[in-house]
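Scroll down for the structure; my scribbles are underneath it.
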Amino acid sequence: MHKSVLILMIVLCGLMLNADDVIDSINEGLDYYKSGDYSSAIESLSYANQLIKQIKGGQLENCFPEPLSGWEASAATSTAAGEAMFGGGVTAERSYTKEDANVQIQFITDSPLMQTVMMMFSNPMFATSDGGKMEKIAGQKAIVKYDENSKSGEIQIAFNNKYLITVNGNYVDRDILVKYTAAIDFNKMSGLQ
């Protein structure tokens, strides 16, 4: 009896794996490659790559903070750009509003542009050349730009050497930008692969 249940579970797991579009596309690409149809292999593997980026974008959507008291938030969204657009990458965004005030948080990962950003963060002189100031927020190195007159600003964090986090705000106090930045789920984000 136990042996029958074990066999049934193995068969069901195998069926579930075959139902995975990513695995199906990879296997299809491998079959095309083995048959010498390289164009179709590239297409199938690119499709699998895009699906994986969409999954990763969905995971990033769960790292945004809840709205602060009195604020409303839009649903988080994500996009997975192919290599033809700025070298590819995954972007996730969420907006927050309270009357005229608005805050937008954006995560970018898996983009070749990240190397340039990492260089900027490693050189404080370069990072602050356009008026930004280096600070630590929630234990993370951040570049903070804020204009008291227009009540607008931006905070950028290069997190875990693979995520660029940008928090923009208009008609907001500086401390609101800092609170939203500090409320990002860095622990959850660091666990993403």
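Summary table below
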quantity	calculated
Only one of K145, K188 that is of a type outside the set (S, T, N, Q) and free of Cβ contacts under 8 Å to residues at least 60 places away in the same chain	K145
Test for I155: is it in contact with a Phe, Trp or Tyr (Cβ under 9 Å, 6 or more places away or on another chain) and surrounded by 12 or more Cβ atoms within 10 Å (Cβ to Cβ)	yes
Subset of the stretch 96-117 (residues that are without any contact (Cβ under 8 Å) to a residue 60 or more places away in the chain and either surrounded by 14 or more Cβ atoms within 10 Å (Cβ to Cβ) or of a type in the set (S, T, Y) (or both))	T97, K98, I108, T109, D110, S111, M114, T116, V117
Residue in the stretch 119-134 that is in contact with a Gly (Cβ under 7 Å, 6 or more places away or on another chain) and either surrounded by 19 or more Cβ atoms within 10 Å (Cβ to Cβ) or closer than 30 Å to Y47 by Cβ (or both) present	no
Selection count, the stretch 116-159, where residues are part of a loop (DSSP other than H, G, I, E, B), out of contact with any strand residue (DSSP E or B) (no Cβ under 9 Å at 6 or more places or on another chain) and not hydroxyl-bearing (S, T, Y)	4
Within the stretch 34-46, tally of residues that are surrounded by fewer than 17 Cβ atoms within 10 Å (Cβ to Cβ) and part of a helix (DSSP H, G or I)	7
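Conditions (1) surrounded by 13 or more Cβ atoms within 10 Å (Cβ to Cβ); (2) more than 24 Å from D21 (Cα to Cα); (3) at pLDDT 95 or above, marked per residue:
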{"site": "I52", "(1), (2), (3)": "yes, no, no"}
{"site": "Q59", "(1), (2), (3)": "yes, no, no"}
{"site": "N62", "(1), (2), (3)": "no, no, no"}
{"site": "E66", "(1), (2), (3)": "no, yes, yes"}
{"site": "A73", "(1), (2), (3)": "yes, yes, yes"}
{"site": "S78", "(1), (2), (3)": "yes, no, no"}
{"site": "A84", "(1), (2), (3)": "no, no, no"}
{"site": "G88", "(1), (2), (3)": "yes, no, no"}
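The values are calculated or read from the model by the stated rules, or taken from the named source; none is laboratory data. Only a predicted model underlies this, so the values are computations on that prediction, with no experimental measurement involved. Heads up, the Cβs are rebuilt from the backbone with ideal geometry, glycines too, and the neighbour counts pull from every protein chain shown.
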